[in-house]
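Q: The structure that follows is given in the form of structure tokens.
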Protein chains: 2
Amino acid sequence: MFRRLVALLSLCAALFVPAVNAQTDPLPSWNDGPTKARIVAFVQAVTTPGGKDFVAPADRIAVFDNDGTLWSEQPMYFQLAFAIDRAKAMVAKNPELAKQPAMRAAAAGDMKALLATGEKGLAELLAVTHTGITTDEFAQIVRDWVKTAQHPTAKRPYTQLAFVPMRELLDYLRANGFSTWIVSGGGVEFLRVMTEELYGVPPQQVVGSSAQTKYEVRNGKPVIVRLPKVDFVNDKAGKPVGINKFIGKRPIAAFGNSDGDFEMLQWTTSAPGARLGVIVHHDDAAREFAYDRKSHIGQLVRGLDEGPALGWTIVSMKDDWKSVWAAPR
Amino acid sequence: MFRRLVALLSLCAALFVPAVNAQTDPLPSWNDGPTKARIVAFVQAVTTPGGKDFVAPADRIAVFDNDGTLWSEQPMYFQLAFAIDRAKAMVAKNPELAKQPAMRAAAAGDMKALLATGEKGLAELLAVTHTGITTDEFAQIVRDWVKTAQHPTAKRPYTQLAFVPMRELLDYLRANGFSTWIVSGGGVEFLRVMTEELYGVPPQQVVGSSAQTKYEVRNGKPVIVRLPKVDFVNDKAGKPVGINKFIGKRPIAAFGNSDGDFEMLQWTTSAPGARLGVIVHHDDAAREFAYDRKSHIGQLVRGLDEGPALGWTIVSMKDDWKSVWAAPR
């Protein structure tokens with residue numbers, strides 16, 4: 001009886017373990033070549049029981065930047081587009097708000113004037129459009145925006161500008177026992193509204209920048225209120241700090257696209273054992289956008305100069321990806 | 001062939017689905033009675049497919065306070081015992097450190113003098129004993145302490161003072177598709193060293209108080225350094241804030257033991273749908289400790305006065321638990 005049970009359990013395990021073999025391509029939107037081969041070799045190395053690079057499933061932590069890595073980030077971060085749309089709606093309801101230069105510029109859609117307000121102006125714009133309301137109210141506003149807003153040049157919802165090959169990669173890693181995390185400079189409460197549907201990543205696996213919040217009981221009903229004060233900036237050297245704060249473990253794979261991700265990849269890949277560092281290089285002006293060293297958004301200099309010597313893989317969107325976005329719906 | 005596969009898959013599923021039926025008691029260390037019945041009824045309500053209170057597994061979030069809820073907290077928080085032991089070791093190596101009154105008192109084991117230094121003194125003690133080193137160094141120091149330190153009255157390692165009935169409860173909830181989180185006023189990096197082994201809770205499901213940290217590259221090697229500045233205090237109204245920050249979802253079950261957990265239970269149980277709020281009442285002087293309204297540690301007033309009317313369940317350690325700690329090893 002015991003032997004038959006063991007045999008049955010093994011058969012069950014075999015049925016439930018994800019099959020990754022030569023016949024099924026786990027990354028069909030990636031062209032065959034050295035980039036794809038390196039990713040697959042890494043996954044096989046850390047998941048082969050008894051192999052020298054084997055990593056237990058609990059430690060298979062993979063971290064992904066969002067803007068420019070999992071979805072597009074041109075001609076502006078999508079969250080900035082949200083802030084501008086919200087500034088328009090807020091000023092339409094309450095013209096007094098246009099007294100603030102950044103709000104006035106945003107509401108008028110005058111990007112030049114908005115950028116001229118500098119960091120202080122942008123901080124004001126974010127404070128007014130993102131705080132002073134409860135977390136539930138904010139989530140609902142983002143949810144409504146996501147449903148209706150259109151990307152200015154691609155002319156479709158922002159959520160349709162997620163990268164198909166990266167979604168495949170997320171699914172592939174999860175099928176191999178990884179937990180997948182988003183580690184973004186973007187606002188954590190902005191992202192959490194959409195990451196489950198977009199990427200299969202639940203709210204508790206999103207690390208991002210945040211505003212301070214406060215717990216209050218209003219007329220007997222508890223709420224959490226978003227305050228106009230920065231709590232945490234999850235960018236550059238803040239990314240390993242955020243990883244340590246939220247995950248408490250050092251990742252074994254990290255994916256980014258700009259120098260804002262440099263420290264995250266450095267922290268991930270400088271630990272002993274098999275490690276994977278990947279940079280998505282936007283070199284595909286025909287299908288998406290082409291930018292790197294001189295871009296104000298997603299600037300990439302150190303990643304290109306130092307990444308290869310550090311063993312990082314540079315993904316060419318043009319050469320390595322069969323498709324970029326899903327077909328418009 | 002297809003039918004045989006389906007039959008085999010059903011058999012496999014039956015083997016892997018946790019069996020909760022009348023024959024197997026999922027909470028053997030809990031005495032039968034209304035407390036246990038309420039917990040089991042709640043779990044059955046939220047896990048019964050098609051039932052009016054059904055909650056999808058992804059939303060089955062259960063949060064647990066640690067000190068006094070999952071393990072003991074008398075005669076002092078175990079992390080304070082750690083700080084005192086570390087102060088002794090640090091002053092032995094560097095007597096200069098005894099110039100600080102709190103460090104001097106701690107190193108001398110003089111609790112009265114230590115408490116006399118007040119909040120400022122305790123903050124200094126925590127800063128000196130908990131920061132100024134890397135996260136890896138700190139984790140190793142905690143790991144070493146856990147192995148050797150003994151509880152002053154129970155005369156065994158602190159990790160043997162976890163509550164057996166609560167560990168059963170954690171396992172029972174997880175077997176029913178819950179994710180279990182620790183939401184503690186204690187230091188997150190102190191707790192993360194031990195929660196996996198003690199409670200089956202991985203580091204990324206621990207929310208706690210924290211020091212600020214900084215990413216640095218020292219001689220080419222990246223480290224995260226613990227700074228002597230408070231980052232976040234995860235206590236009282238800070239607990240729902242921490243839950244929102246780290247989990248991003250509202251829990252459906254919350255377990256605490258003191259008024260430091262009041263807001264966490266309030267936030268959890270005031271949402272619509274089936275909700276469970278539980279307070280562990282320390283009323284068992286014979287087997288553990290008895291304290292509530294007048295205690296300096298784990299003071300419980302509002303929970304006793306307002307909890308029952310809010311539908312919270314008060315656990316009597318004396319009456320509801322068959323055992324408290326595991327037998328000494």
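The values are calculated or read from the model by the stated rules, or taken from the named source; none is laboratory data. Because the structure is a prediction, the values reported are computed rather than measured. Don't worry about glycine lacking a Cβ; one is built from the backbone with ideal geometry, like all the others, and counts go over all protein chains shown. Ligands, DNA and RNA are stripped out before the accessible areas are found, and what is left, the full protein with its side chains, is counted by its heavy atoms. Shrake-Rupley method; radii C 1.70, N 1.55, O 1.52, S 1.80 Å.
Q: Tell me, what HN-Hα J-couplings in whole Hz come from the Karplus equation 6.51 cos²θ - 1.76 cosθ + 1.60 at θ = phi - 60° for each residue of the range A:318-329, using x for Gly and Pro?
A: 5, 8, 8, 10, 6, 9, 10, 9, 5, 4, x, 9
Q: Sticking with this structure for a sec: On a 0 to 90 degree scale, rounded to 10, what angle separates helix B:2-16 from the longest Cα axis of chain B?
A: For helix B:2-16, the angle is close to 40 degrees.
Q: Using only C-alpha positions, report the orientation-averaged shadow area of the convex hull of the range A:78-148, nm², one decimal. If you can, show how the numbers build up before the last one.
A: Numbers: hull surface 18.1 nm².
About 4.5 nm², averaged over all directions.
Q: Return the residues of the range B:234-264 for which accessible area with all protein chains present is lower than in the chain on its own by 50 Å² or more; set the probe to 1.4 Å and exclude ligands, DNA and RNA.
A: B:VAL241, B:ASN244, B:LYS245, B:PHE246
Q: For the ranges A:309-321, A:114-126, A:49-61, what's the packing order if you count other beta-carbon atoms within 10 Å of each residue, average per peptide, and put the highest first?
A: Details: A:309-321: 18.0, A:114-126: 16.0, A:49-61: 13.3.
Highest to lowest by the protection proxy: A:309-321, A:114-126, A:49-61.
Q: Shifting gears a bit: Per residue, how large is the accessible surface of the range A:78-148? Use a 1.4 angstrom probe and give square angstrom. Before the final figure, lay out each step's value.
A: Numbers: 3740 Å² over 71 residues.
About 53 Å² of surface per residue is accessible.
Q: Would the range B:61-203 count as rounded, prolate or oblate if I go by the C-alpha gyration tensor, calling it rounded below 1.5 in a/c and otherwise prolate when a/b exceeds b/c, oblate otherwise?
A: Details: a/c = 2.27, a/b = 1.99, b/c = 1.14.
Prolate, because a/c is 1.5 or more and a/b exceeds b/c.
Q: Quick one: which residues, 5 or more positions from A:VAL301 or on another chain, have an amide H under 5 Å from its amide H? H modelled 1.01 Å from N in the peptide plane, none for Pro or chain starts.
A: A:ASP259
Q: What residue among B:ASP261, B:ASP284, B:ASP25 has the largest mean-square fluctuation in a Gaussian network model of chain B, using Cα springs under 10 Å?
A: Greatest mean-square fluctuation among the candidates belongs to B:ASP25.
Q: Here is a further query. First check a/c for the range B:108-153, with a ≥ b ≥ c the square roots of the eigenvalues of its C-alpha gyration tensor; if it is under 1.5, answer rounded, and if not, answer prolate when a/b is larger than b/c or oblate otherwise.
A: On the way: a/c = 3.76, a/b = 1.29, b/c = 2.91.
Because a/c hits 1.5 or more and a/b fails to exceed b/c, the range B:108-153 counts as oblate.
Q: Convert each backbone phi in the range B:95-102 into a coupling constant with the Karplus relation 6.51 cos²θ - 1.76 cosθ + 1.60 (shift: θ = phi - 60°), then list the ³J(HN,Hα) values in order as whole Hz, x for Gly and Pro.
A: Coupling constants for the range B:95-102: x, 3, 5, 6, 5, 6, x, 5 Hz.
Q: Excluding A:ALA102 itself, what net charge comes from residues whose Cβ is under 9 Å from its Cβ, given Lys and Arg +1 and Asp and Glu -1? Each step should come with its number before you reach the end.
A: Details: positive: A:ARG104, A:LYS120; negative: A:GLU124.
Around A:ALA102, the surrounding residues sum to +1.
Q: Also, I was wondering about something else. Mind checking which lysines have their Cα closer than 22 Å to the Cα of B:LYS120? Skip sequence neighbours fewer than 8 apart in that chain.
A: B:LYS88, B:LYS99, B:LYS112, B:LYS229, B:LYS236
Q: At 1.4 Å probe size, with the rest of the protein present, what percent of the exposed accessible area of the protein assembly as shown is carbon and sulfur atoms?
A: On the way: 17190 of 29680 Å².
Carbon-and-sulfur percentage of accessible area, whole number: 58.
Q: Among B:GLY200, B:GLY68, B:GLY256, determine the one that fluctuates most according to a GNM of chain B built with springs between C-alpha atoms less than 10 Å apart.
A: B:GLY200
Q: Which value, in Å² and to the nearest 10, is the accessible area of A:ARG104 when all protein chains are kept and the probe is 1.4 Å?
A: Probe radius 1.4 Å; accessible area of A:ARG104 about 120 Å².
Q: For A:PHE178, tell me the accessible area in Å² from a 1.4 Å probe, rounded to the nearest 10.
A: 10
Q: Which links in B:LYS249/B:LYS294; A:LYS36/A:LYS155; A:LYS52/B:LYS155; B:LYS52/B:LYS245 stretch past 32 Å when you go from one Cα to the other?
A: Working: B:LYS249/B:LYS294 34 Å; A:LYS36/A:LYS155 30 Å; A:LYS52/B:LYS155 42 Å; B:LYS52/B:LYS245 29 Å.
Pairs exceeding the cut-off: B:LYS249/B:LYS294; A:LYS52/B:LYS155.
Q: Starting from the amide H of B:ASN31, placed 1.01 Å from N in the peptide plane, find each other amide H under 5 Å away whose residue is 5 or more places distant or on another chain.
A: Long-range HN contacts for B:ASN31: B:TRP321, B:LYS322.
Q: With a 1.4 Å probe, what is the total accessible area buried between chains B and A, in Å² rounded to the nearest 100?
A: Working: alone 16430 and 16460 Å², together 29680 Å².
Summing both sides, the interface buries roughly 3200 Å².
Q: Once every DSSP H run of n ≥ 4 in the protein assembly as shown is given -39500 (n - 2.57) and the sum is divided by its residues, what mean residue ellipticity at 222 nm do you get, rounded to the nearest 500 deg cm²/dmol?
A: Value at 222 nm, helices only, nearest 500: -11500 deg cm²/dmol.
Q: If the elastic network links every pair of Cα atoms under 10 Å, which of A:HIS130, A:HIS296, A:HIS281 fluctuates the most in the Gaussian network model of chain A?
A: A:HIS296
Q: If you don't mind, there's one more thing I want to ask. Would you grab the residues whose amide H sits under 5 Å from the one on B:THR213? Only those 5+ places off in sequence or on another chain, please, with H modelled 1.01 Å from N.
A: It is B:LEU227, by chain and number.
Q: Can I ask one more? Mind running the shape call on the range B:131-227? Use the C-alpha gyration tensor, a ≥ b ≥ c as the square roots of the eigenvalues: rounded below 1.5 for a/c, prolate if a/b tops b/c, oblate otherwise.
A: Details: a/c = 2.66, a/b = 1.50, b/c = 1.77.
Taking the square roots of the gyration eigenvalues as a ≥ b ≥ c, the range B:131-227 is oblate.
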